[in-house]
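Right, one structure below, let's go through it.
The values are calculated or read from the model by the stated rules, or taken from the named source; none is laboratory data. Note that the coordinates shown come from a computational prediction; the quantities given were computed from them, not determined experimentally. Note that we place each Cβ from the backbone using ideal geometry, even for glycine, and neighbour counts take in every protein chain shown. These area figures cover heavy atoms from the full protein model, side chains too; ligands, DNA and RNA do not enter into them. Shrake-Rupley method; radii C 1.70, N 1.55, O 1.52, S 1.80 Å.
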Amino acid sequence: MKLDICRDFEVRETATGILVVTALQYDDGDRVVVFADGQEGDGWRVHDNGDAAFRLRLDNIDIDGERIQRWLAERRGRVGWNEAEEEFELSVADARHLVPAAFKVAQAALQLQSFSALRATRSESSFKSEVLELLKSVQRDTGVPADYDMAVDARGLLVADCVFRPGGADLAFFIANTRERLLEAELSYLALKQDKRTTRVIAVVEGIAAVGQKQYARAEFFSTKLFPFRDFEAPLRSWAREAVTGVMQ
């Protein structure tokens, strides 16, 4: 397909349509990419593939926060927001409208980055190492045996960061520094329940904003216990000590 588009934009074919690498750049230098997927019948769905939302997640910005949701609602007259996929999108019936639609989606994706006032460096967070050190200190203090990086399901696919073995029900800790890792904790909880195993699943997130309010609320139903770590280190340590020593029933 030939599109009337400026030379600073790159157009590539994909299995479902095309992608446009625009001249616009995020603040880390990456160029904004927009996808156009052919819809069944006629027309196209133009979207950013969730890239803008993903970048905010990396900066621990909650997409479901009131301020961002209000801003998204105000943008709906110009560009749509797919809440389920967390991406900007527009539907166009004529290929001649693909270019302005791509511009609108790219601009919205770029503007969303303004909510990330201070971009954290994308080096690996110290969060996981801090939680592991807390769990190791609980192991030292209580003398309860623990294994690290241990599978909790029968197929060996779902791996907990730490499993305490107090002699009764095991406690499997999942350090959920991403939404995907939190989902693994939830899947482990369901798998263990289905297998009628007594292992308890404890998910630890750095903060609610790191995984999103909706994902955090859902995980409360699909885990034995869910902890935000920042500002709650002492309660987590106290709970873990009591749980592994059998003080807490």
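Return the distance in nm (one decimal) between the two label points of a simple spin-label model at R70 and E13, each offset 7 Å from Cα along Cα→Cβ.
4.7 nm
Taking the chain as a Gaussian network, where each spring joins two C-alpha atoms under 10 Å apart, which residue of L187, L157, L132 fluctuates the most?
Evaluated over the chain, the most mobile residue of the options is L157.
Report, to two decimal places, the Cα Rg of the stretch 121-201 normalised by 2.2 N^0.38 Å (N = number of residues).
1.13
Once the mean 1/r over all distinct Cα pairs of the stretch 62-178 is inverted, what Kirkwood radius in angstroms do you read off?
Hydrodynamic radius (Kirkwood, Cα only) of the stretch 62-178 equals 18.7 Å.
For the stretch 183-228 and the stretch 1-80, what is the separation of their Cα centres, given in Å?
When both Cα centres are located, 31 Å separates them.
Answer with one residue from G50, V20, V33: the one whose Cα lies farthest towards the positive end of the charge dipole of the chain, charges on Cβ with Lys, Arg +1 and Asp, Glu -1.
G50
Hey, got the Cα dimensions of the stretch 7-66 along the principal axes, in Å, largest first?
Largest first, the stretch 7-66 extends 38, 28, 17 Å along its Cα principal axes.
Using protein chains only and a probe of 1.4 angstrom, how many square angstrom of L171 are accessible, to the nearest 10?
Solvent-accessible area, nearest 10 Å²: 0 Å².
Give the Debye-formula value of log10 I(q)/I(0) at each listed q (0.12, 0.15, 0.26 Å⁻¹), with one equal scatterer per alpha carbon of the stretch 169-240, two decimals each.
Log10 I(q)/I(0), no solvent term: -0.28, -0.44, -1.18.
How many percent of DSSP beta bridges within the chain run antiparallel, rounded to 5?
Percent antiparallel among DSSP bridges in the chain is about 75.
Given a 1.4 Å probe and every protein chain left where it sits, what share in percent of the accessible area of the stretch 90-233 is carbon and sulfur?
Carbon-and-sulfur percentage of accessible area, whole number: 54.
Give the relative contact order (percent, whole number) for the chain; include only Cα pairs under 8 Å separated by 6+ residues.
15 percent
Whole number in Å², please: accessible area per residue of the stretch 21-178, 1.4 Å probe, ligands, DNA and RNA not counted.
Ligands and nucleic acids excluded, the figure is 50 Å² per residue.
Quick one: what do you get for the chain if you divide its Cα Rg by 2.2 N^0.38 Å?
1.25
Binning at 5 Å from 0, report for the stretch 1-118 what percent of all alpha-carbon pair distances ends up in each bin.
2, 11, 23, 24, 19, 12, 6, 2, 0
Quick one: pull the percent of accessible area on the stretch 1-80 belonging to carbon and sulfur, 1.4 Å probe, ligands and nucleic acids left out.
Roughly 44 percent, rounded to a whole number.
For the chain, with the dipole built from +1 on Lys and Arg beta-carbon atoms and -1 on Asp and Glu ones, taken about the Cα centre, which of F222, F127, I61 lies farthest toward the positive end?
F222
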